[in-house]
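First comes the structure, then the notes that go with it.
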Amino acid sequence: MILYHTSDREIRNPDIRYGRKNADFGQGFYLTPDRDFTYHWAGKDDVVNVYDLDETGLDLHTFSRSAEWFQYIFDNRRMKDSLTKDAVIGPIANDTIFDTFGIISSGFLKPADAMKLLMIGPEYTQVAVKTEKAAKRLRWLGAERIDKQDAAMRRAEQEAYGAQAARAIREIIAEMEAREGF
């Protein structure tokens, strides 16, 4: 599997302990098979590292956007990683993930409503390499420094997402008001 990782430097030997423990799929080295996503979101002067992951003999878990995926991310945001896998593959949670889970924790938003928000926007895939065994199966193929950033494309995607999220939030509020009799 060809995978990409954006950084400020070349990373020939990934460290699975470097990242945040409360990331979507827990602590690990995060990559994506989505080449366009990688280059689209890379900033000026970033480096896109390219790897080949040999999946042979690895214990992998793959998610789709689902209640199981939502719960796994929700738990990891609280540093409660429930999977012991070599790598976890699945959708990247959208940019409102912290706010969404914060609102759930406050009791304002129900998990079903949060799922509606998390289903909005494009679906990109992430791969979290979580064990040394899996990290040893990553072969660095090279890297490319980004000389420009496609800010207009990123801004257009953010605006489209914002409009979709606003519509969904209005629908959720209307449903809440109808349930509460406002």
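The values are calculated or read from the model by the stated rules, or taken from the named source; none is laboratory data. The model shown is predicted, which means the values in this text are computed figures rather than measured ones. Note that we place each Cβ from the backbone using ideal geometry, even for glycine, and neighbour counts take in every protein chain shown.
Scan the stretch 36-55 and tell me whether some residue there is without any contact (Cβ under 8 Å) to a residue 60 or more places away in the chain, surrounded by fewer than 19 Cβ atoms within 10 Å (Cβ to Cβ), on the phi < 0 side of the Ramachandran plot and assigned to a helix (DSSP H, G or I).
Checked against the condition, which is being without any contact (Cβ under 8 Å) to a residue 60 or more places away in the chain, surrounded by fewer than 19 Cβ atoms within 10 Å (Cβ to Cβ), on the phi < 0 side of the Ramachandran plot and assigned to a helix (DSSP H, G or I), the stretch 36-55 yields at least one hit.
Taking the condition within 14 Å of the chain's Cα centre (by Cα), basic (Lys, Arg) and either over 20 Å from Gly121 (Cα atoms) or surrounded by fewer than 17 Cβ atoms within 10 Å (Cβ to Cβ) (or both), does Arg17 pass?
no
Could you give every pair whose Cβ atoms fall below 9 Å, whose first residue belongs to the stretch 18-35 and is of a type in the set (A, V, I, L, M), and whose second residue is buried (at least 18 other Cβ atoms within 10 Å of the Cβ) and part of a loop (DSSP other than H, G, I, E, B), counting only separations of at least 6 or pairs across chains?
From the stretch 18-35, the pairs are Leu31/Pro14.
Let me spell it out: the conditions are (1) surrounded by 15 or more Cβ atoms within 10 Å (Cβ to Cβ); (2) within 14 Å of the chain's Cα centre (by Cα); (3) without any contact (Cβ under 8 Å) to a residue 40 or more places away in the chain, and Thr62 meets all of them except one. Which number is the exception?
(1)
List the strands (runs of 3 or more DSSP E) inside the stretch 74-182, counting only whole elements, that have at least 3 residues being under 21 Å from the mean Cα position of the chain (by Cα), at pLDDT 75 or above and surrounded by 13 or more Cβ atoms within 10 Å (Cβ to Cβ).
87-91, 125-129
Looking only at the stretch 9-35, how many residues end up being among the aromatic types (Phe, Trp, Tyr) and assigned to a strand (DSSP E or B)?
2
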